Structure formats: structure tokens, C-alpha cells
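Notes for the one structure printed next.
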Amino acid sequence: MDALINNVVFRKAALADLDAILKIEQEGFEWDGFSRKQMRYLMKSDSSGFFVGEYDGSVVGYMILLLRKNSHHIRIYSIAVSEAARGKGVGQSFLQLAEKWALEKSKNRLKLEVRTTNTAAINLYKRNQFSSVKVVPGYYHDGGEALIMLKELLFE
């Protein structure tokens with residue numbers, strides 16, 4: 001998997017990807033993961049962008065973006081990468097895809113929540129010019145805190 005990022009194909013998620021997505025979801029989100037029903041809903045929703053990264057015929061990550069009417073931002077609802085593909089640039093590519101999708105939708109901000117203890121993700125977001133906005137206590141099911149982060153986008 002050393003040359004992984006050069007060979008990952010990013011595309012819209014399909015219902016056929018659901019089992020692989022749920023496996024990645026369980027690896028990354030012990031308490032706050034989405035159910036099969038929630039994932040199916042998000043895949044079909046007109047107000048979301050649901051993408052997967054595929055390497056050698058296998059899904060190695062997914063990203064869910066939410067689009068709200070009368071809002072200036074796209075919410076990065078979830079990004080998850082399989083344990084085997086972490087640290088290989090897949091998350092970085094998902095962030096680039098999120099920016100592109102937001103600009104295509106004429107939105108000038110990306111917003112997300114991340115667990116304050118998820119330093120790897122926070123560092124990735126900071127490297128991508130996300131700013132910390134505030135900490136929300138008790139945000140997660142287990143009482144964990146969330147860090148709200150925001151990135152301003154520039155139209156070219």
C-alpha cells in the first residue's frame with residue numbers, strides 16, 4: 001500500500017459500498033458511529049455528498065458532506081479511513097475533494113466537529129488551514145468534547 005494515494009479513485013458512494021463503509025465506520029467510531037439505516041439515508045439524500053476512496057477494488061475510506069439551504073458552509077459530517085490506509089494521504093485527498101465540492105456548490109466555508117482527543121485529525125485539519133472555533137463539552141455519546149473547526153474558502 002506504499003503507493004496508495006496515487007492509485008486511489010474517489011467517487012460517489014453506492015449502496016454496494018455499504019458493508020465496506022460500515023466496517024471502516026466501526027474501526028474509527030466506537031460509540032458514535034452511524035447505523036446502516038443512517039448511512040443508506042445519507043447516501044440517498046439530495047442534501048449530502050457521500051464519497052468513497054477505492055484502492056485496488058476495495059473501499060479504503062469515505063466522506064460525508066452536508067449541504068444546507070440558506071447556509072454559506074458545507075459541513076464535513078464524517079471522514080473515516082481504514083486502519084490499513086491511514087497516514088497515506090487519503091484524508092488529505094478527501095479534504096481537497098470537500099473544498100472542490102463546496103466551491104462547486106458556491107459555498108465559501110467548510111465546517112466540522114472533531115473529538116478533542118483525535119490529535120491526528122486535528123493536525124491534518126490545521127495543516128489545511130482550518131481554524132479552531134470553540135470546544136463543545138459533552139458533544140459525543142460518551143461525554144467527550146468536540147472541537148469545532150472552520151475553513152474559509154476563496155473562489156477563483
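The values are calculated or read from the model by the stated rules, or taken from the named source; none is laboratory data. The structure displayed is predicted, hence computed values, not measured ones. Positions of Cβ are generated from backbone atoms using ideal geometry, with glycine treated the same way; all protein chains shown enter the neighbour counts. Each accessible area value is taken on the protein alone, full model and side chains, heavy atoms only, with ligands, DNA and RNA left out. Shrake-Rupley method; radii C 1.70, N 1.55, O 1.52, S 1.80 Å.
Taking just the alpha carbons, could you work out the radius of gyration and Dmax for the chain, both in angstroms?
Calculated on Cα positions, Rg and Dmax stand at 14.9, 42 Å.
Which cross-chain or sequence-distant (5 or more) residues have an amide H under 5 Å from the amide H of SER78, H modelled 1.01 Å from N in plane?
ILE64
Considering only DSSP beta bridges with both partners in the chain, what is the antiparallel share in %, to the nearest 5?
Beta bridges within the chain, antiparallel portion: roughly 90 percent.
Given a 1.4 angstrom probe, what's the average accessible area per residue across the chain, in square angstrom?
Ligands and nucleic acids excluded, the result is 57 Å² per residue.
Using only DSSP helix segments of four residues or longer, with each worth -39500 (n - 2.57), what per-residue ellipticity at 222 nm results for the chain after dividing by its residue count and rounding to 500? Let's see the in-between values first.
Numbers: 4 runs with 44 residues, N = 156.
For the chain, the value works out to -8500 deg cm²/dmol.
What nm distance separates the two modelled labels at ASN123 and ARG86, each placed 7 Å from Cα along Cα→Cβ?
My value for the distance between the label points is 1.2 nm.
How high is the relative contact order of the chain, given as a whole-number percent (alpha carbon pairs under 8 Å, six or more residues apart)?
Normalised by residue count, the contact order of the chain is 18 percent.
Modelling each spin label as a point 7 Å along the Cα-to-Cβ direction, I'd like the ARG11/ASP142 distance in nm, to one decimal.
3.5 nm
Which GluC sites (Glu not before Pro) in segment 15-103 sit in a loop by DSSP (not H, G, I, E or B) and have at most 16 other Cβ atoms within 10 Å of their own Cβ? List each step's numbers first, then the result.
Working: sites: GLU25, GLU27, GLU30, GLU54, GLU83, GLU99; in loops: GLU30.
Answer in residue order: GLU30.
Would you mind computing, in nm to one decimal, how far apart the modelled labels at LYS100 and SER71 are, each placed 7 Å from Cα along Cα→Cβ?
Between LYS100 and SER71, the label points sit 2.2 nm apart.
Can you compute 3J(HN,Hα) from phi for each residue in segment 129-143, using the Karplus curve 6.51 cos²θ - 1.76 cosθ + 1.60 with θ = phi - 60°, rounded to whole Hz and x for Gly and Pro?
6, 7, 9, 6, 9, 6, 9, 10, x, x, 6, 8, 3, 8, x
Please list, ordered by chain and number, the residues whose modelled amide H lies under 5 Å from the amide H of ASN118; skip anything fewer than 5 residues away on the same chain.
Those lying under 5 Å, H to H, from ASN118: there are none.
Share of segment 64-156's accessible area from carbon and sulfur, percent, 1.4 Å?
47 percent
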